[in-house]
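Written below as structure tokens is the structure these notes are about.
Throughout, read-outs are computed from the coordinates displayed, never taken from laboratory work. As the structure is a computational prediction, the values presented were derived from the model and not from experiment. Cβ atoms come from the backbone with ideal geometry, glycine included; neighbour counts cover every protein chain shown.
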Amino acid sequence: TILIIDFGSQVTQLIARRLREAGVYTEILPCTTDPENIKNAAPNGIILSGGPNSVAMADTPRAPQIVFDMQIPVLGICYGQQTMCQQLGGRVEPGTSREFGRAELDVTEECALFDGLWAQGTAHTVWMSHGDHVAALPDGFRVVGKSDGAPFAAVADESRHYYGVQFHPEVVHTKDGDKLLSRFALDICGCSGSWSMAAYRARAIDAIRKQVGDAKVICGLSGGVDSSVTAVLIHEAIGDQLTCVFVDHGLLRKGEAEEVVRLFGGHYNIPLIHRDVSEMFLERLSGVSDPEQKRKIIGGSFIEVFDEEAQKIDGARFLAQGTLYPDVIESISAAGGSDVTIKSHHNVGGLPDDMKLDLVEPLRELFKDEVRNLGRELGLPEVLVSRHPFPGPGLAIRIPGDITPEKLAILREADAVYLDEIRKAGLYDDIWQAFAVLLPVKTVGVMGDARSYEYVCALRAVTSSDGMTAESYGFSHEFLARTATRIINAVKGVNRVVYDVTSKPPGTIEWE
Ligand code: XMP
């Protein structure tokens, strides 16, 4: 086990993810944790994460002393390096300029952490994000790497197996940063590297059983990868204590509702309540154009329906959700941390304060591709596992402006044609997410010999590794032209098709 002590960095979860990729089991504990928890985890080594605070200020978090009393390897990253150096007798200075983004690390000396990876005298691209820097080292430490903004960018005390880096090895912009972390965990801490998704599955099942006891759980099923994996995982843990509730809000894609009922109620035989509340949702959304208001209405109404269903199930105390890690950080409010709310994801930010159910969220630590692997591990069909993400608020956030049954019907058809073309061209698995958007704009066209005046359909397709950043997919012009023609011919109500080439940032993947 590698224990990660979290000082609140946005990228702490990436450390865990990199280690999981290297086959290493990790646990993350907040820096305020009881020292007993650190001891009980019996880690082979500890990583101190980055964080938004300044070590140079009083009353900012420190690593619990036990970290340095356990005589095991420690790696400090960014804030973690700074607090480690200060706590062991060094000094941290506030910087006059921030170093942010790509930087060059000069490896000035050999060190066990770089062994077989970065030789003395070579330079490497790393990713920095700091204001303060270490200015004097504790006894026993030496500098092994420096950058323009950080004279002590990498430090080591090999006799105690203590290492510190100012840069972030966990982000992809640090070249070979993943290898550096796996070198620390495998070679320096002696972890075996044999951990896998099978072990994650076993541990998650254990944790679900402990959390839930003999209470009943309801799980919101959407037909997407996340809620499907959540449902099958929980069903494996507690069997028929789980009831799935499929709320058909009328904002689903073509054929989606039928598919969910067939797979879960039929194939998996998971108790499934199918509530068709599309009329209620459409009524509540009628005339609403503001994206945040749409999300709040949908999120609130969802929970209301769940609560109703839960009350009908004797002993239901928990609501299971397929919340992923990126959902969690994108929804953290400005009050809670340094992040700002970009969108209120309905499965996190939209929950009302008076919700009667406790949450079970077994995927909360995972990224999308890891959830897919867990799904494969659980034996879910590949067509489901490799499905593109679909947002909780559904087609509502793909119709800018107000939503009507007519617009929904047009969008469903256009989206189905678009995805059919993508599948036929064999491109589905190269794309993170592809969908049609119906714009509230009508333009003039000519069909046959007549004038037409119909809606514009925008096509979106992006590549991404976790949904947090994305690039527009580079279709051939020929593909786009063919698809546009087919949509305009097949879908009544659309006479113009455009392609969205915006990346994220500055755009987001969805249009609302
Ligand atoms: P954005 O549009 O923020 O989307 O770039 C990033 C990813 O999140 C999905 N998304 C959502 N998923 N509930 C969800 O479950 C939501 O409210 C929601 N909003 C966006 C989006 O489809 C993309 O995959």
For the chain, what are the per-bin percents of Cα-Cα distances with bins 20 Å wide, up to the bin holding the maximum? 21, 48, 28, 4, 0
Using +1 on the beta carbon of Lys and Arg, -1 on that of Asp and Glu, and nothing else charged, what's the dipole of the chain about the Cα centre, debye to 20? 820 debye
Value at 222 nm in deg cm²/dmol, rounded to 500, when DSSP H runs of n ≥ 4 in the chain each add -39,500 (n - 2.57): -9000 deg cm²/dmol
What is the distance in Å between the Cα centroid of segment 247-315 and that of segment 442-501? 29 Å
Listing ILE297, ILE273, ILE403 from the residue with the fewest other Cβ atoms within 10 Å to the one with the most, what is the order? ILE273, ILE297, ILE403
What is the chain's relative contact order, in percent, from Cα pairs under 8 angstrom and six or more apart in sequence? 10 percent
When the Debye formula is applied to the Cα atoms of segment 197-385, each taken as the same point scatterer, what base-10 log of I(q)/I(0) results at q = 0.08, 0.12, 0.17, 0.18 Å⁻¹? -0.25, -0.58, -1.20, -1.35
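Among the listed pairs LYS424/LYS504; LYS146/LYS175; LYS179/LYS368; LYS424/LYS492; LYS294/LYS407; LYS175/LYS504, give every one whose C-alpha distance is greater than 18 Å. Display every interim value, and only then the final one.
On the way: LYS424/LYS504 27 Å; LYS146/LYS175 16 Å; LYS179/LYS368 22 Å; LYS424/LYS492 22 Å; LYS294/LYS407 16 Å; LYS175/LYS504 22 Å.
Cα-Cα > 18 Å for LYS424/LYS504; LYS179/LYS368; LYS424/LYS492; LYS175/LYS504; rest within.
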Between the alpha carbon centres of segment 48-92 and segment 143-219 the gap in Å comes to 16 Å
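Which value, in debye to the nearest 20, gives the size of the charge dipole of segment 2-188 about its Cα centre, when Lys and Arg are +1 and Asp and Glu are -1 at the Cβ? Don't skip to the answer; put the middle values down first.
Working: 14 positive and 23 negative charges, 49 e Å.
Dipole of segment 2-188, to the nearest 20 debye: 240 debye.
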Under the rule a/c < 1.5 gives rounded, and otherwise a/b versus b/c splits prolate from oblate, where does segment 228-305 land using the Cα gyration tensor? prolate
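Would you mind classifying segment 70-114 by shape? Square roots of the alpha carbon gyration tensor eigenvalues, ordered a ≥ b ≥ c; an a/c under 1.5 is rounded, otherwise it is prolate if a/b is larger than b/c and oblate if not. Don't skip to the answer; put the middle values down first.
Working: a/c = 2.10, a/b = 1.18, b/c = 1.78.
Verdict is oblate for segment 70-114.
Could you state the per residue volume, in Å³, of the convex hull enclosing the Cα atoms of segment 2-188?
98 Å³
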Nearest 5 percent is fine: what portion of the DSSP beta bridges confined to the chain is antiparallel? 50 percent
Using alpha carbons only: equivalent-ellipsoid semi-axes of segment 405-499, gyration tensor based, whole Å: 25, 14, 11
Near the amide H of GLN433, under 5 Å away, which other amide H atoms are found, from residues 5 or more places off or on another chain, if H is placed in the peptide plane? VAL462
Report, to the nearest 10°, how far helix 197-212 tilts away from the longest principal axis of the Cα atoms in the chain, using its own Cα long axis and a range of 0 to 90°. 80 degrees
Where GluC sites (Glu not before Pro) fall in DSSP loop in segment 88-117, at most 16 other Cβ within 10 Å: GLU109, GLU110
Can you give the Rg and Dmax of segment 149-246 based on its C-alpha atoms, in angstrom? 20.7, 59
Only counting other Cβ atoms within 10 Å, I'd like CYS219, CYS189 sorted with the fewest neighbours first. CYS189, CYS219
